[in-house]
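Beneath this line is the structure, given in structure tokens, with notes to follow.
What follows draws every value from the coordinates through simple rules; no lab data is involved. On a predicted model such as this, the values are computed, not experimentally measured, just so you know. In this analysis, Cβ positions are derived from the backbone assuming ideal geometry, glycine residues included, and neighbour counts consider all displayed protein chains.
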Amino acid sequence: MHTRRSVLLGGAGLLALFGMVGAAQSGTKAKKEAEVFEVTKTDAEWRALLKPDAYQVLRHEDTERPYTSPLNHEKRAGTFYCAGCDLPLFSSQTKFDSGTGWPSFWKPLDNAVRTRKDYSGGWVRDEVHCRRCGGHLGHVFDDGPRPTGLRYCMNGLSLTFRPSNA
């Protein structure tokens, strides 16, 4: 049987928990805003440069619907670049079919990406972003193939692809 006191204490505990999550989220946002990137643009400049869906993903951490990116089926040798600043991010040699509906890689190119904790969605994930412009690329998980065991699950809208023979 619940007493008024147990209900109040339980409610206070939940509020404290949500407060910690909210503080972590706002701390992450402040940390993101404090980061300095080589390529910086105003919001209006990013909006003019990017297609609307890519803008939402790269600049506002949106996620594209699974299985919608043509890059899921890209099998040619080449390089995947940041759609925001054209930094080379992933080699096609590290791409694999994860079955998740997003282009996946087991390793980024050296000095291409950074990660930070992402507290959105009710759990902690590692967000991946372009180290040069800060554009949101996706998330990295520890359920990938060898040799790294990592799965860089990227939004196709945040990437462009150029084949090696181009």
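Gain in length, Thr160 to Asp142, computed as 0.36 nm per residue apart minus the alpha-carbon separation, to one decimal in nm?
Details: separation 18, 0.36 × 18 = 6.48 nm, distance 2.44 nm.
Contour length minus the Cα-Cα distance gives 4.0 nm.
Put a dot 7 Å past the Cα of Phe96, heading toward its Cβ, do the same for Arg114, and the two dots end up 2.8 nm apart. Computed 3J(HN,Hα) for segment 49-61, one whole-Hz value per residue from the Karplus formula 6.51 cos²θ - 1.76 cosθ + 1.60 where θ = phi - 60°, is 6, 9, 5, x, 5, 5, 4, 4, 6, 5, 9, 10, 6, glycine and proline marked x.
Give, in nm to one decimal, the length gained when the segment between Asp43 and His73 is fully stretched (0.36 nm per residue of separation minus the Cα-Cα distance). Intermediate values should be presented prior to the final figure.
Working: separation 30, 0.36 × 30 = 10.80 nm, distance 3.14 nm.
Extending this stretch completely gives an extra 7.7 nm.
Find, among the chymotrypsin sites (Phe, Trp or Tyr not before Pro) in segment 79-153, those assigned to loop by DSSP (not H, G, I, E, B) with at most 14 other beta-carbon atoms within 10 angstrom.
On the way: sites: Phe80, Tyr81, Phe90, Phe96, Phe105, Trp106, Tyr119, Trp123, Phe141, Tyr152; in loops: Trp106, Tyr119, Trp123.
Sites meeting the loop and neighbour criteria: Trp123.
How big is the charge dipole of segment 39-163 about its Cα centre, in debye rounded to the nearest 20, if each Lys and Arg gets +1 on its Cβ and each Asp and Glu gets -1 on its Cβ? Let's see the in-between values first.
On the way: 18 positive and 15 negative charges, 60 e Å.
Roughly 280 debye for segment 39-163.
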